[in-house]
Amino acid sequence: MAPVTSLSDSVNQRLASALSAALPEAGSADPLLRRSDRADFQANGILALAKKAKANPRELATEVVARIESGEVIKDIEVSGPGFLNITISDKAIIENLAARYADAARLGVPVAEHPGTTVIDYAQPNVAKEMHVGHLRSAVIGDSVVQLLEFTGETVVRRHHIGDWGTQFGMLIQYLDEHPHELDHKAAADLQASGEEAMSNLDRLYKAARKLFDADEEFKTRARRRVVDLQAGDPHTLATWQKFVDESKLYFFSVFEKLDMEIRDEDIVGESGYNDMLAETCRLLEESGVAVRSEGALCVFFDDIKGPEGNPVPLIVQKSDGGYGYAATDLSAIRDRVFNLKASSLIYVVDARQSLHFKMVFETARRAGWLNEDVKAYQLAFGTVLGKDGKPFKTREGETVKLVDLLDEAVERASAVVRDKAQDLSEEEIAERGAQVGIGAVKYADLSTSAIRDYKFDLDQMVSLNGDTSVYLQYAYARIQSILRKAGEVRPSAHPELELAEAERALGLHVDAFAETVADAATEYAPHKLAAYLYQLASLYTSFYDKCPVLKAETPDQVENRLFLCDVTARTLHQGMALLGIRTPERL
Ligand code: ARG
């Protein structure tokens, strides 16, 4: 299907060519077209251009208007104020444009990017043998949406789940498990959810017991430390026991991702351990090139602008003085892998803003080493903290970090209550299914509807509210449209470009047309919140359309069909947009 040129693009093209004819030195200047309250669009670019060319802005604007052929697309164009242009689109062009989008069911006429590249995105990276918390939720939810957005624009996307599966803490766990070999045994679990829960409780119990022994028993401590050395040396038996922890943890991770209604593939899980073979070489390359230097036995990279509280330089430590490699060595090796083996043109890291200094140092080191250059962009999509209702970082009453699963379960429970409350003809099974789609959608939407870097309050009451900027509101708008389409029965949606449109129809239609631009912006800026804001406005415009314009009881049969068509194209846009946020749109609610 051919991509559809948006109305704003066609107006823009017409304005730009009229502008360059009227003022050749303006070249291909941007007329700065915006949606406007006064007309459909307003162009604000002429003022600055006239100023630059020492021309009178109103005169220039008048000349541009004279060169615009009004007709099919532009119904009306006039100069306003000191030299703005107000532009009104013809009703016919609006409906024809939407009809072209409607005909392209898969993409709604949204073009793919002109020069797609390869993005490696690092997101959804929990830690082995540890409970997942709200920080992991943010990375997973934001990352998943950015993946969907980028893939939709034609980008090749490689997903990397950089799980924490390596490090000294495993010595203690491995030793303990070898001494208590049945600690990770499973009862026959009914499904993924049950075995995931069991896995986490096994790991938790084992972790606590191992910790206790480690702190109390010197001999165990010595045995545990030896296992760290064995692990790093690649001793097969030690690795096999380590693998049990990874497998057990994955059972748990997959159960949480399933609950989150998110597809995470095993082959994309390349944790810290996956770069183990590269670490020595990474250090050697850095030391040989002089990017890193030995300081008190450790291999360090120094930066002019990064200082500690006392003003002394804070280095990035690539290798500790005892020879051990840490988080930085792994991330630097991962960059080499992603750039040279995976051929990335962009690297994205969806990671907590509290790790920003780490990434700043890692990226700068990689630049100095020549692993990153102008051809490869590295970007930390940093996210803020999830806060409790009291505005402080989210904790349980006992001051412990909140378990992600508990939160999700509660969201689903609340959402099910809302669904049940409104349900007219839903079975128990349907209520459970919708409850999950609404509850998980609510959690995702709350996260995605503010810009990632900002902190937000985790407030379930607000999240599952039917009014306001929530996914539930959007899902209900979608379901309401489906119910109208069902009620229409034999009457099918059909575009009638010859009809005159009401104001609410025009506003809705113009907004539907802006979907393509919104997706492009949200994808290039890695900003799902822009798409969320667009969808919320779409649902609001649909609500006013629905309030003002009777659909099934419209005046003429043609008008009924045309309004059904507006309903359906809105629904498809909502559905596609929500899918890009990772949120379901149930047909009935
Ligand atoms: N596992 C880490 C954590 O839980 C996040 C990993 C982020 N990715 C990376 N390449 N360092 O904080």
Q: Apply the Karplus parameterisation 6.51 cos²θ - 1.76 cosθ + 1.60, with θ equal to phi minus 60°, to every residue of segment 62-73 and state each ³J(HN,Hα) to the nearest whole Hz, in sequence, with x for glycine and proline.
A: 5, 5, 4, 4, 4, 8, 8, 7, 7, x, 3, 9
Q: Find the Cα radius of gyration of segment 499-580, compare it with 2.2 N^0.38 Å by division, and give the number to two decimals.
A: 1.16
Q) Over all distinct Cα pairs, what is the inverse of the mean 1/r for segment 404-580, reported as the Kirkwood hydrodynamic radius in Å? A) 17.3
Q | Amide hydrogen neighbours beyond the local backbone of S295, cut-off 5 Å, H modeled | A | C300
Q: Report the full-extension gain for the segment S10 to S465: residue separation times 0.36 nm, less the Cα-Cα distance, to one decimal in nm.
A: 159.9 nm
Q. So which aspartates and glutamates can K212 reach, going by Cα to Cα under 13 Å and dropping same-chain residues fewer than 8 places off?
A. D204
Q | ³J(HN,Hα), Karplus 6.51/-1.76/1.60, whole Hz, each residue of segment 457-465, x for Gly, Pro | A | 8, 8, 10, 4, 4, 5, 4, 9, 6
Q | Convex hull projection area averaged over all views, segment 1-149, Cα basis, nm² | A | 13.4
Q) Among all stretches of the chain without exposed GluC sites (Glu not before Pro) (DSSP loop, at most 10 other Cβ atoms within 10 Å), which one is longest? A) 115-295
Q. Using modelled backbone amide H atoms (1.01 Å from N, in-plane), which distant-in-sequence or interchain residues come within less than 5 Å of Y349's amide H?
A. D122, Y379, Q380, L381
**Q.** Burial ranking of peptide ranges 352-358, 420-426, 403-409 (average Cβ count within 10 Å, highest at the top)
**A.** 403-409, 352-358, 420-426
Q: Quick one: grab Rg to one decimal and Dmax as a whole number for segment 77-163, Cα atoms only, in Å.
A: 21.3, 66
(Q) Please compute one quarter of the surface area of the Cα convex hull for segment 7-89 and express it in square nanometres. (A) 4.5
**Q.** Globularity ratio of the chain, using Cα Rg and 2.2 N^0.38 Å
**A.** 1.15
**Q.** Column: log10 I(q)/I(0), Debye, Cα scatterers of segment 243-335, q = 0.22, 0.25 Å⁻¹
**A.** -1.04, -1.24
**Q.** Prolate/oblate/rounded call for segment 304-349, Cα gyration tensor, a/c under 1.5 rounded
**A.** oblate
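Using the Kirkwood formula on the Cα atoms of segment 185-328, what hydrodynamic radius do you get, in angstrom to one decimal?
Evaluated over segment 185-328, this radius sits at 18.7 Å.
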Q. Taking only Cα atoms, what is the 0 to 90° angle, nearest 10, from helix 236-259's long axis to the longest principal axis of the chain?
A. 30
Q | Neighbour-count ranking [beta-carbon atoms within 10 angstrom, fewest first] of L387, L60 | A | L387, L60
Q: Name the long-range amide H neighbours of I269: under 5 Å, sequence gap of 5 or more, or other chain; modelled H, no Pro or chain starts.
A: H161
Q: Provide, for segment 355-477, the number of lysine pairs with alpha carbons under 27 Å apart, each pair being eight or more places apart or on different chains.
A: 17
Q. Relative to the present Cα-Cα distance, how much length would full extension add between E72 and K395 at 0.36 nm per residue of separation?
A. 110.4 nm
**Q.** the chain - share of DSSP beta bridges that are antiparallel (%, nearest 5)
**A.** 50
Q: Give the angle, between 0 and 90 degrees and rounded to the nearest 10, that separates the Cα long axis of helix 169-179 from the longest principal axis of the Cα atoms of the chain.
A: 60
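Quick note: the coordinates plus some simple rules give every number you see, no bench work behind them. It should be emphasised that the depicted structure is a prediction, and the values quoted were computed from it without experimental measurement. Methodologically, a virtual Cβ is constructed for each residue, glycine included, from the backbone with ideal geometry; neighbour enumeration extends over all protein chains shown.
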